[in-house]
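Chemist: My structure is below; once you've seen it, I'll send some questions.
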Ligand SMILES: [Fe+2]
Ligand SMILES: [Fe+2]
């Protein structure tokens, strides 16, 4: 059995509110017998180097691999320099193998835009990584490739998802597609495969049918909802089960 935590949309901004929520989640995960932690983008709120230095310090647990990919709030250059200790020359894709499980951390960001896209270079990279080995694989990216019934988010989802759909359809080893960006715990399908969205650490998207308010970018997020994570459990037959859990109240100042 392989268990990993999945969180997203930390939006670290050097301020105390977000730091407190981040620590609440990481304190919950610290000490759990998990195999990895996946963070699907919007690591920094403004893409500043200092925010990535905070991310490097806070999104870290000894002996647990933390897999981090960028979102639309991230800056490829600063993200890569601080978190991967190298220079960015294009999409900052990274393949990580933990045991027999392959994680493809894909860069779906378009610099200075909120919507997403997998560039041809990234699609070719995904296909090559899936073709060169065997075993269960997760395609991880920030932008969901389908609509989630949240109109504001749906308007800035992954564009042109056909290329990714073709790759998933051709590769049964892809167990699921894992995303963030929507700031909501959500489960749907993509090309018949599970598409699982981690809740946002920084806030939770308000759903249109739970409020009489007309939702705009200024009121679309609940800042006080309890931060949460997804736990993905891959059994020995490569069947996936996902549990969503709120992080208990913080135990440190
Ligand atoms: Fe976000
Ligand atoms: Fe985002």
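Read-outs throughout are calculated quantities, based only on the coordinates presented, and are distinct from any laboratory measurement. Values in this document were obtained by computation on a predicted structure and should not be read as measured data. Here Cβ is always computed from backbone atoms with ideal geometry, including for glycine, and neighbour counts include all displayed protein chains.
Chemist: For Cα pairs less than 8 Å apart in space and 6+ apart in sequence, what is the mean separation divided by the residue count of the chain, i.e. the relative contact order in percent? Spell out each step's value before the answer.
Modeler: Numbers: 581 pairs, mean separation 53.0, N = 253.
Computed value for the chain: 21 percent relative contact order.
Chemist: Same structure, new question: Using only the Cα atoms of region 89-236, what are the Rg and Dmax in Å?
Modeler: Using the Cα atoms of region 89-236, the pair Rg, Dmax is 15.9, 51 Å.
Chemist: To continue, here is another question. Give me the percent relative contact order of region 31-96, please, defined on Cα pairs under 8 angstrom at least 6 residues apart.
Modeler: Rounded, it is 36 percent for region 31-96.
Chemist: Given a Förster distance of 30 Å, report the FRET efficiency between residue 14 and residue 152 from their Cβ-Cβ distance, rounded to the nearest 0.05.
Modeler: Working: r = 26 Å, r/R0 = 0.86.
Result of the calculation: an efficiency of 0.70.
Chemist: Taking each pair of distinct Cα atoms in the chain once, what is the resulting Kirkwood hydrodynamic radius in Å? Numbers along the way, then the final one.
Modeler: On the way: mean 1/r = 0.0553 Å⁻¹.
Roughly 18.1 Å, rounded to one decimal.
Chemist: Right, another one. Could you work out the relative contact order of region 111-253, using alpha carbon pairs under 8 angstrom and six or more residues apart, expressed as a whole percent? If you can, show how the numbers build up before the last one.
Modeler: On the way: 221 pairs, mean separation 25.1, N = 143.
Relative contact order comes out at 18 percent.
Chemist: Could you state the number of Å between the C-alpha centres of region 10-29 and region 138-211?
Modeler: 23 Å
Chemist: Next question. What number does region 1-56 give for Rg over Rh if you use C-alpha atoms and the Kirkwood radius?
Modeler: Numbers: Rg = 12.0 Å, Rh = 11.9 Å.
Ratio value, two decimals: 1.00.
Chemist: Averaged over all directions, how much area does the convex hull of the C-alpha atoms of region 71-168 cover when projected, in nm²?
Modeler: On the way: hull surface 27.3 nm².
If I average the Cα hull's projected area over directions, I get 6.8 nm².
Chemist: Taking 7 Å along the Cα-to-C-beta vector as the label spot, tell me the residue 131-residue 241 distance in nanometres, rounded to one decimal.
Modeler: A separation of 3.7 nm, rounded to one decimal place.
Chemist: What is the Rg over Rh value, at two decimals, for region 11-113, using alpha-carbon atoms and the Kirkwood definition of Rh? Numbers along the way, then the final one.
Modeler: Working: Rg = 13.5 Å, Rh = 14.1 Å.
My calculation of the ratio gives 0.96.
Chemist: Most fluctuating residue of 167, 61, 98 in a GNM of the chain with Cα springs under 10 Å: which is it?
Modeler: Taking springs between Cα atoms under 10 Å, the residue moving most is 98.
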